[in-house]
1. Give the relative contact order (percent, whole number) for the chain; include only Cα pairs under 8 Å separated by 6+ residues.
2. Taking only pairs that are 8 or more places apart or on different chains, how many Lys pairs in region 76-235 have Cα atoms under 20 angstrom apart?
3. Direction-averaged shadow area of the convex hull around the Cα atoms of the chain, nm²?
4. I need the shape label for region 8-151. Rule: rounded when a/c is under 1.5, else prolate if a/b > b/c, else oblate, with a, b, c from the alpha carbon gyration tensor.
5. Hey, what number do you get for the chain at 222 nm if only DSSP H runs of n ≥ 4 count, each worth -39500 (n - 2.57), divided across all residues, to the nearest 500?
6. Zone of TRP250 (label point 7 Å along Cα→Cβ, backbone N under 13 Å): which residues in region 116-131?
7. Highest mean first, what order results for 25-33, 120-128 on Cβ atoms within 10 Å?
8. Counting DSSP beta bridges in region 13-272, what percent are antiparallel, to the nearest 5?
Amino acid sequence: MKNKNGIQVVAVTGGKGGVGKSNIAINLGLALVRMHKRVALLDADLGLANIDVLLGLTPDKTLEDVLAGRCDLKDILLNGPKGLQIVPASSGSRSMVNLELSQHAALINAFNSIDNLLDVLVIDTASGIENHVMSFVHASNEVIVVVCDEPSSLTDAYSLIKLSNRDYGRERFRILSNMTSSANDGRLLFEKLQRATDQFLDVSVQYAGHIPYDEQLRKAVRKQVALLEHSPRSKAGQAFRALAEKVDRWPVPSQANGQLEFFFEKLLLSNAL
C-alpha cells in the first residue's frame, strides 16, 4: 500500500563542489531513519558517485546495471547505517551523465518497484548547474541549497536558484549554511544570499538552519562512517537531527500515482525541455 501522504523527495544541492552536500545528504538521511522514517539516499552524481565511498560500502551493481537491464533496482540497494537504503550510481561512467529520455523513463519504472517501501527519498545531486543536475532539482518536492562562507559558494548558489527559477519555474528554496563558526554566522550567510535573491529574483528563499564546523566530521570521513554513527552527540550531529526534524515538518504533496512516480515523471519532462 502506498504512503497515504506521498513520499517526500528532497534534493540536496549547492552549485559548487566542496560545500559538503554529500555528508549533509548522508547524515540527514540517517537522522530521518532514527526518527523511524523509511529512507533511501540516491547518489545522483551519476558519473562520479561517492556516497558508497564515504560510507565504506562496495556496490556489486549500480544504476548503470539497472538501466542496462542486468538487474532490478531492489538488487542494487545497499544497506547503510541503521537501515538507510543507498541507491548507488556509477563512478567513471560517461554514459550515465547524460541519460536519454528512454533511460529516464526506465528509471520511473525501476523506482516504482520500491516506492511503497519509502517515506523519504534524499537525493545527493552532482555539483554544478548542468542539465542533469537541474533536472533532479526541478523534479524534487523540496530543494536544500547548501552554502558555505566562500564568495564562490554564494555566487554559484545564486546561479543555481536563478536558473532553476527561470528555466523550470521553481519558486521556493531552502538554504542551509554549512561549516559555520556560530549560529549567528549561519544566519548572516543566509541573509547575504537572501539580499541578492530579493533584489534580482522573484523567488522565496527560506532558512533551513546551519551545520557548524566540527572536527568530528573530518574524523568520521577518514573512517568512512557517517557522523551520526561516529559522534552522534557532536555539535554537527545535533544540527543534523534538528534539520531532520524540520524536514519532517515540511508538507508532502499527495499524488494519486505515488510520489516517486510523480517525481520521475517530472524528471522525464524536465529533460525534454
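No lab work stands behind these numbers, since they all come straight from the coordinates. All of these numbers come straight from a predicted model, not from anything done at the bench. Because the Cβ atoms are built from the backbone with ideal geometry, glycine has one as well, and the counts that use them run over all protein chains shown.
1. 29 percent
2. Within region 76-235, the lysine pair count is 5.
3. Averaged projected area of the chain's Cα convex hull equals 13.1 nm².
4. rounded
5. Here the helix-only value at 222 nm equals -13500 deg cm²/dmol.
6. 120-125
7. The peptides rank, most packed first, as 25-33, 120-128.
8. Once the DSSP bridges in region 13-272 are tallied, antiparallel ones form about 10 percent.
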